[in-house]
Every structure is written in C-alpha cells, then in structure tokens.
Amino acid sequence: MISCLASKGFWSQVLGVGDFYYELAVQIVEVCVATSEQNGGLISLDELLLRVRKARGKSRNAQDVSADDILRAINKLRILGDGFSVIKPTHGQGRTLIQCIPGELSMDHTAILNSLQTRSSFTSEQLREQFKWSDERIQTAIDFMIKEGLVWVDDKGRMKEYFFPGLFTAQRVTNGESV
C-alpha cells in the first residue's frame, strides 16, 4: 500500500495534477486500453465519459466527472508522450474524438475523421469526390490507418469500404444507447 501511495505521489507530481485528475487519468488509460481492440484506439469523448463514469461506479463522485475534466486529464497525459490526443471537429460541429494510440495523425487523417460525423464508413471514391485528392494521397492515408488498426476493410462489395470501429459505438452513444 505504501508503494502504491508513493507511486501515486510520484505520478501526481510528474503530471502536475492533484488526486482527482490523477485518478481520472488512470481511469481514462484503463478504459482506452480495455477498448482498443474494439475501436483501434479511437474513442469518442461521449463514449469515454460514459465508460469512465461507469468505471467510477455508483459512488457519489461518479457523475461529477465532466467532458471538460476528461479533456483536462488527457491534456496532462500529453507529458508522457503522444499516446493521447484530442481530435476536435472542424467548425465546432460534430464529435470530439480521443486518439489513444502512440503516433500522430496527419491533417489528411484528421480531415477524413472529421468528414465522418454522421456515418462510420467511407470509400476511396467518396474521399476523392469530397476532397479532390489524388489516388496516391488517398491510398497513403488509408494504408496508414489500416496499419495502425484505426480502420477495418470490407472488400466483399462492389468497392472496398473502410470502417472506423471506434465510430460504431460513438454513433450508438450519440443516439442514447448504452455501451
């Protein structure tokens, strides 16, 4: 128990946070690790908030966690490296996403994510039409996202369709369903 408290004190100092944000940061990491196989390391802020509140249990503090608290804790986690980042929607409309895998997404990857505010899949043709990008640029972005586990491929139809598994549950949470 003493080593746990010493560790907690150490990480609280490194992160520059008090007990609340330290505990919240640990819970965020736990949720992200637990869900990364399902969502490829991309989770909506709404789903993360819902899962953190659920992890906090029935304590009276469970509902005291806000989306702003989650964003502050993630900002503090940045000191540990680029494993956590916030992807805000363009023009302030749409879902805020949390990337919880090492590595930075390029502007192309972020543009693709921001274009998917009402759906969770896309085709190369849709990207070409929407962004007027070259085939090489589109394929480079898609290949990276597949390699990182952010995107799944469905090649059973007429054309390949790419899915962000992290946006499946994001859409469910947005629609008020439980996860």
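With the cut-off at 29 Å, tell me which of the pairs 88/156; 88/132; 88/147 have Cα atoms farther apart than that.
In this structure, 88/156 lie more than 29 Å apart at Cα.
Quick check: pseudo-label points 7 Å beyond the Cα along Cα→Cβ at residue 131 and residue 34, how many nm apart are they?
Computed distance between label sites residue 131 and residue 34 equals 3.4 nm.
Could you list 101, 146 so that the one with the fewest beta carbons within 10 Å of its beta carbon is first and the one with the most is last?
Ranked by crowding around the Cβ, least crowded first: 146, 101.
Got a sec? How would 29, 86, 151, 65 order by Cβ neighbour count within 10 Å, fewest to most?
Ascending Cβ contact count within 10 Å gives the list 86, 29, 65, 151.
Suppose every K and R has +1 on its Cβ and every D and E has -1 on its Cβ; what is the size of the dipole of the stretch 103-168 about the Cα centre, in Debye to the nearest 20?
Using only the charged Cβ atoms, the result is roughly 180 debye.
Read phi for every residue in the stretch 131-146 and hand back ³J(HN,Hα) as whole Hz from Karplus 6.51 cos²θ - 1.76 cosθ + 1.60, θ = phi - 60°, with x for Gly and Pro.
With coefficients 6.51, -1.76 and 1.60, one gets 9, 6, 8, 6, 4, 5, 5, 4, 5, 4, 5, 5, 4, 4, 5, 5 Hz.
Over the stretch 103-168, calculate the relative contact order: mean separation of alpha carbon pairs under 8 Å at least 6 apart, over the residue count, as a percent.
33
Quick one: Cα centre-to-centre distance for the stretch 76-90 and the stretch 142-161, in angstrom?
If we compute the Cα centre of each part, the gap is 24 Å.
Throughout, read-outs are computed from the coordinates displayed, never taken from laboratory work. From a predicted model like this one, the values you see are computed outputs, not experimental measurements. Neighbour counts are summed over all protein chains in view; Cβ atoms, including those assigned to glycine, are modelled from backbone coordinates with ideal geometry.
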